[in-house]
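The values are calculated or read from the model by the stated rules, or taken from the named source; none is laboratory data. Bear in mind that the values here come from a model prediction, so they are computed numbers and not experimental data. Cβ atoms come from the backbone with ideal geometry, glycine included; neighbour counts cover every protein chain shown. Side chains are part of the model used for accessible areas, which takes the heavy atoms of the whole protein and leaves out ligands, DNA and RNA. Shrake-Rupley method; radii C 1.70, N 1.55, O 1.52, S 1.80 Å.
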Amino acid sequence: MLLEAIDVSKTFRSRRSSAPVHAVQNATLQARPGEFVAIVGESGSGKSTLARLLLDLLDPTEGSIRLDGREVGSMDRTERRAYRRSVQAVLQDPAGSLNPRKRVVQAIGEVIRLHGMARGPAEIRQRVTEVLELVGMEPAAAFMDRFPHELSGGQRQRVLIARAIALDPRIIVADEAVSALDASVKAGVLAVMADLKDRLGVGYVFITHDLPVVQKVADHVYVMRHGRILEHGPKDAIFADPSHPYTRELLAAAPALP
Amino acid sequence: MTIAENQPAAGAPLIELTGLNVVLPTGERSEVEAVKSVDLVVHDGERVGLVGESGSGKSVTGRSIAGLLPTSPRVRVSGSIRIRGQEMVGAPARTWDDVRRKTVGMIFQDPLTFLNPTMRVGRQVAESIPDRRPVRSGAGGDRTARDRAVFRFLRQAGLPDAEQVAASFPHELSGGMRQRVLIAIAIAKEPSLVLADEPTTALDATVQQHVLRTLDETVTELGTSLMLISHDLAVVAGMTDRVYVMYAGRIVEEGPTARVLAEPRHEYTQALLRSVRSLTDRDTDLYSIPLALRQRFAEEPTHVA
């Protein structure tokens, strides 16, 4: 399977201001199951807009998003539903992505039911147990009936990952999924993501401003600024020998312990 | 307490917390001991870091020093907060106003909640300049002197286009510029202590680096003490001489920053550093502090100096 953005652009126009915002310009990107692709950039670089384009949450102004060569924009309802199942999202703010009035088992169970991944309460509960254990929330029974406010930030982020993998996705688009977490919790969530890559063969498009994390986990890196992809390549090549001055500036700015 | 005891004392540390406890309400009937028997000292000219994960109590400790805890009657503070020897636990609001006006300048993570969106930046800096004389509009003298001071503080805070920034509203500035405006407001008071709580956490790395450098230079130039509160050990490493490590409301370790980072003595500090380094070191596995260890740390109060 291959997920591609081909020469994709997104321009936002507002009625009141005359200047359109070119959030993403001519971006081309490839992601595959089993691969950790990182898009790095600072605020305003267009990286989150690119994520939304990949997730079919926004329509591109120009260019196309394709899955195995098939353009998402021209898919029928059934195909689009399948697309949304195989390309899942995990976003930054776990508190904002979980309904505060739904227990963990309901939050994960409802997407399983909606996409017909399991039938009947017992089967759904079984599937919820499986995915919670996959993200390291063991024993699952201890977490199932909790509300989001009864979980820590790292646990909420794991619930979101569990909800995403409940649909057997091939690629997860994670937008700043670990940025707000403390180092120890961040390391835990990243370990879970790496583990899922190995065990389920899921791929990631990992959007972040956190370069040390990228260096740690990514296979392939895209660097974005002002809506454009400045350079991309295998992680080791980008970190060892960045060709663009902005990438060098980013690398130098990453804070590190002595 | 006699009056003499409550007067600023010569030779007393700038900030001295002794056995500080803070209990905060978390719901209708629940509360949390956010800060537990914390001892902490900041001397004149010192740069002190306070590090901890979210929920460790570091921000609550910082807010206690600035007298900015929630005003609910259910907030309970016990122990001692001395500012230049003056006991502040139970002090009237007016005394705290005085401390914030003269002694402690604060910089917080989110400048937009701190800045007034309807007031031009220049006026907000001007308002924190001490010893204000009534300024009559168009009355010349004083006004231009104040303006010059405002521009000077903005430039000192790393904003070379001070005139233009002063005439702007907060929303017209970038995140990095707003954070520099907060630095300008904090130093305009000519405080003895700049208290910065996660001052650069919301900023991009390249901007963070510039803002930290500005803060560093400004504090050095003015000879002000600095207390830097952060979850980010790398930020504290570069900016402070001495550091306190907090976990679950307690100080677990204190010492020279270089020593604590190179040879942490408390098991929690060791585990925390291991997890931070596991995110950057190529050859180590990702390390997250195990739950069992966390529970033990939270239950056994041990302090390593």
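Before moving on, here are some points about what is shown:
- Checking each residue in region A:199-233 for being under 15 Å from the mean Cα position of the chain (by Cα), open to solvent by less than 40 Å² (accessible area, probe 1.4 Å) and within 13 Å of another protein chain (Cβ to nearest Cβ) picks out A:Thr208, A:Asp210, A:Val213, A:Val214, A:Val217, A:Ala218.
- Of the residues making up region B:243-264, those that are assigned to a strand (DSSP E or B) and open to solvent by 20 Å² or more (accessible area, probe 1.4 Å) are B:Tyr247, B:Arg250, B:Glu254, B:Pro256.
- Scanning region A:21-43 for residues that are open to solvent by less than 20 Å² (accessible area, probe 1.4 Å) and among the β-branched types (Val, Ile, Thr), we see that the one that is nearest to the other protein chains (Cβ to nearest Cβ) is A:Val40.
- Only helices (runs of 4 or more DSSP H) whose full extent lies in region A:63-130 are considered here, and the ones with at least 1 residues that are without any contact (Cβ under 8 Å) to a residue 60 or more places away in the chain and touching a Lys or Arg at 6+ places or on another chain (Cβ under 7 Å) are A:104-114.
- Matching residues, region B:226-236, being among the small types (Gly, Ala, Ser) and crowded, with 22+ Cβ neighbours inside 10 Å: B:Ser230
- Condition met for A:Leu196 (in contact with a Leu (Cβ under 7 Å, 6 or more places away or on another chain) and either more than 13 Å from chain B (Cβ to nearest Cβ) or buried (at least 22 other Cβ atoms within 10 Å of the Cβ) (or both)): yes
- Qualifying residue in region A:30-37 (condition: at pLDDT 95 or above, part of a strand (DSSP E or B) and out of contact with any Phe, Trp or Tyr (no Cβ under 9 Å at 6 or more places or on another chain)): yes
- Residue in region B:46-66 that is part of a helix (DSSP H, G or I) and basic (Lys, Arg) present: yes
- Out of A:Ala142, A:Ala180, one residue alone is within 11 Å of chain B (Cβ to nearest Cβ) and open to solvent by 10 Å² or more (accessible area, probe 1.4 Å). It is A:Ala180.
- Region A:202-224, residues that are at pLDDT 95 or above and not hydrophobic (A, V, I, L, M, F, W, C): A:Gly203, A:Tyr204, A:Asp219, A:His220, A:Tyr222
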